[in-house]
Amino acid sequence: MKVLVTGGVGYIGSHTCVELLNAGYEVVVADDLRNSKEEALNRVEKITGKRPYFYKEDVCDKKAMERIFSEHKIDVIIHFAGYKAVGESVAQPVKYYRNNLNSTLVLLDCMEKYDVKTLIFSSSATVYGMPDSNPITEDESLKPINPYGRTKYMGELIIRDFMDAHPEKSAVLLRYFNPVGAHESGILGEDTPDTPNNLMPYIEKVVAGKFPHLRVFGNDYDTPDGTGVRDYIHVVDLAKGHLAAITYAMEHTGTECINLGTGTGYSVLDIVHAFESASGVPVPYIITQRRPGDAATCYSNPSKAKELLGWQAKENIEDMCRSAYNWTKKNPDGYGE
Ligand code: UFG
């Protein structure tokens, strides 16, 4: 069985390639490397002993995608490729809509033309915006609060309409909570920008001595310690969720949206302390103002994934921090230049 992984060189994509290759799938990667480094594929090969077919192409380039589909009989598409920085999406919304929506449209055209039955879409808990209540189930109202979140929301709607028009096909929309951690080998992980936006990579840079301290964005939220609460999920658990989604989608038609989270919320300070105990290294921090647009609390009800996919996250917060530290210690500059 052949799987096209768009964005397969990125953080979640590369970890998913490892799981797919280990499970015996053939993998074709389409990624133009604008936010990733080909070295990640060398690492995937080191871990699995296999190298995915690789096309350095923009998923919005329809001709390039058609070439892939005519050279390979693709059974399943996993669509990761996309922009994902919330702040940048506010500053440059058209760039986000153009890229994240066009790539999805091109893939849907290809599904039609090349008779591909199954699509797994990389959505996000960001589609829930500021949730009315926690834990969040899939029938929570969808009201994303920034352009990035709206590209995921619109992507979901477009895919649903497409699947309604093609009742023999199937799609699973996976809504990720907060992916963190790295492969246990310590050679595959998140290659982040010099100044990361997200909590765990920022902590990693503090521990690596690149920043003097973490800024904790607010300690006056209505949460147990006043800092923001999120559902952190190990990236390898998340990757395995995609394999479970493929199995489900091959046996069903229509569209399902499914949360991938652990169901447990941890505060920023919980993560700081878990990282300190996993690494043995202190994580200095200061409390600063709230970051605009942040919810106080956001964690999943993961029951639907368990029920439909038979999937459940296994790794705990210590495993996540330990693997993140192992990665950052061995690769202080990520994949380098
Ligand atoms: N935080 C800090 N300091 C930092 C970075 C983050 O205190 O330097 C706090 C945030 O305020 C928040 C928590 O750590 O309370 C998590 O923040 P992240 O930026 O790591 O993650 P978010 O929950 O804001 O967003 C992430 C992804 C989004 C995705 C969302 C899904 O960045 O793309 O999870 O829930 F949509």
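On a per residue basis, the convex hull of the C-alpha atoms belonging to region 89-237 measures out at 164 Å³.
Note on Ile187, Ile77: ascending count of other Cβ atoms within 10 Å places them as Ile187, Ile77, the fewest first. Placing unit charges on the Cβ atoms of the charged side chains and taking the dipole of the chain about its Cα centre, the candidate lying farthest along the positive direction among Phe69, Phe54, Asn301 is Phe54.
For the chain, the residue among Cys257, Ile286, Gly10 whose Cα projects farthest onto the positive side of the dipole built from Cβ charges is Gly10. About its Cα centre, the dipole of region 179-337 is roughly 120 debye, where the only charges are +1 on Lys and Arg Cβ and -1 on Asp and Glu Cβ. Which value, in nm² and rounded to one decimal, describes the direction-averaged projected area of the C-alpha convex hull of the chain? Result: a mean projected hull area of 15.5 nm². In the chain, Cα pairs under 8 Å separated by at least six residues give a relative contact order of 19 percent.
Normalised by 2.2 N^0.38 Å, with N the number of residues, the alpha-carbon radius of gyration of region 1-140 equals 1.10. Sorted fewest first by neighbouring Cβ atoms within 10 angstrom, Ser123, Ser303 come out as Ser303, Ser123.
For the pair region 73-141 / region 259-299, the C-alpha centres are spaced 26 Å from each other. By the equivalent-ellipsoid construction on the alpha carbon gyration tensor, region 101-142 comes out with semi-axes of 30, 11, 7 Å, ordered largest to smallest.
What angle, in degrees between 0 and 90 and rounded to the nearest 10, separates the Cα long axis of helix 11-22 from the longest principal axis of the Cα atoms of the chain? With both axes taken from Cα atoms, the answer is about 60 degrees. Helical content alone sets the calculated 222 nm signal of the chain at -12000 deg cm²/dmol, taking -39,500 (n - 2.57) per DSSP H segment of four or more residues and averaging over every residue. When +1 charges are put on Lys and Arg Cβ atoms and -1 charges on Asp and Glu Cβ atoms, the dipole computed for the chain relative to its Cα centre reaches about 520 debye.
Computed over region 272-329, the P(r) tail beyond 13 angstrom holds 74 percent of alpha carbon pairs.
As a proxy for reagent exposure, ranking Asp115, Asp194 by other Cβ atoms within 10 Å from fewest up yields Asp194, Asp115.
Over 27 Å apart at the Cα level, from the set Lys50/Lys304; Lys143/Lys306; Lys46/Lys169, are Lys50/Lys304; Lys46/Lys169. Ranking Ile317, Val229, Gly181 by how far each Cα lies toward the positive end of the dipole of the chain (charges on Cβ) leaves Gly181 at the top. Per residue, the convex hull spanned by the Cα atoms of region 160-203 amounts to 141 cubic angstrom. Annotation: peptides 214-223, 170-179, 268-277, ranked by per-residue average of other Cβ atoms within 10 Å with the highest first, follow the order 170-179, 268-277, 214-223.
Equivalent-ellipsoid semi-axes for region 127-196 (Cα gyration tensor, √(5λ), whole Å, largest first): 28, 19, 13. Dimensions of region 179-233 along the principal axes, based on C-alpha atoms and rounded to the nearest Å, stand at 38, 26, 15, largest first. If you take the alpha carbon atoms of region 210-337 and fit the smallest convex hull around them, that volume is 155 Å³ per residue. The charge dipole of region 145-194, taken about the Cα centre with unit charges on the Cβ atoms of Lys, Arg (+1) and Asp, Glu (-1), comes to about 280 debye, rounded to the nearest 20.
Projecting the alpha carbon convex hull of region 1-79 along each direction and taking the average yields 4.5 nm².
Each reported figure results from applying straightforward, stated rules to the coordinates on display, with no laboratory input. Given the structure is predicted, the values throughout are model-derived calculations rather than measurements. When we count neighbours, we look across all protein chains shown, and the Cβ atoms used for this are built from the backbone with ideal geometry, even at glycine.
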